[in-house]
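Colleague: Handing you a structure now.
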Amino acid sequence: MTGYLVAYVSENIDTGRESFIEYCLNNGLAGTPNSANAIYQVGKGDGVFLKILKNDGTVMDWEFMYKWVNC
């Protein structure tokens, strides 16, 4: 789920850790910058490892994302 959130923010708002943290704090997804940063690190790290996300957090494997979202 965190990978999807990183992808959403990267594709629709802006790429990068600071943009993600700001989005999380402004939308009630995290209570502190440290919590938002932890979500970003896990989501981006897992997504890159699984070859679903690129290093900037944008989507690499759209086919997987479409299938996952439409389950």
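What follows is calculated from the coordinates using simple rules that are stated; it is not laboratory data. Bear in mind the structure is a predicted one, so any value in this text is a computation, not a measurement. Heads up, the Cβs are rebuilt from the backbone with ideal geometry, glycines too, and the neighbour counts pull from every protein chain shown.
Colleague: How do Tyr66, Tyr40, Tyr8 rank when sorted from fewest to most other Cβ atoms within 10 Å of their own Cβ?
Modeller: Values: Tyr66 10, Tyr40 25, Tyr8 16.
By the 10 Å Cβ count, ascending: Tyr66, Tyr8, Tyr40.
Colleague: A further question on this structure: Just how large is the dipole of the chain about the Cα centre, in debye to the nearest 20, putting +1 at every Lys and Arg Cβ and -1 at every Asp and Glu Cβ? Display every interim value, and only then the final one.
Modeller: Working: 5 positive and 8 negative charges, 35 e Å.
Rounded to the nearest 20 debye, it is 160 debye.
Colleague: Label point 7 Å out from Arg17 along Cα-to-Cβ: which residues of segment 33-71 have amide N under 18 Å?
Modeller: So the set is 33-49, 54-58.
Colleague: Order by neighbour count: Val6, Val59, Val69, fewest other Cβ atoms within 10 Å first, most last.
Modeller: On the way: Val6 29, Val59 20, Val69 9.
Taking fewest neighbouring Cβ atoms as first place, the list is Val69, Val59, Val6.
Colleague: Using alpha-carbon pairs under 8 Å, 6+ residues apart, how would you state the relative contact order of segment 2-69 in percent? Don't jump to the answer; show the numbers that get you there.
Modeller: On the way: 81 pairs, mean separation 24.0, N = 68.
Taking the mean separation of contacting Cα pairs over the length of segment 2-69, I get 35 percent.
Colleague: If you don't mind, there's one more thing I want to ask. What does the charge count around Pro33 come to, taking other residues whose C-beta lies under 12 Å from its C-beta (Lys +1, Arg +1, Asp -1, Glu -1)? Mind showing how you got there, number by number?
Modeller: Details: positive: Arg17; negative: Glu18, Glu22.
Net of charged neighbours comes to -1.
Colleague: Under Stokes-Einstein, with the Kirkwood radius over Cα pairs standing in for Rh, what whole-number D in µm²/s applies to the chain at 10 °C and 1.306 mPa s? It would help to have the intermediate numbers written out before the result.
Modeller: On the way: Rh = 11.8 Å.
The diffusion coefficient I find is 134 µm²/s.
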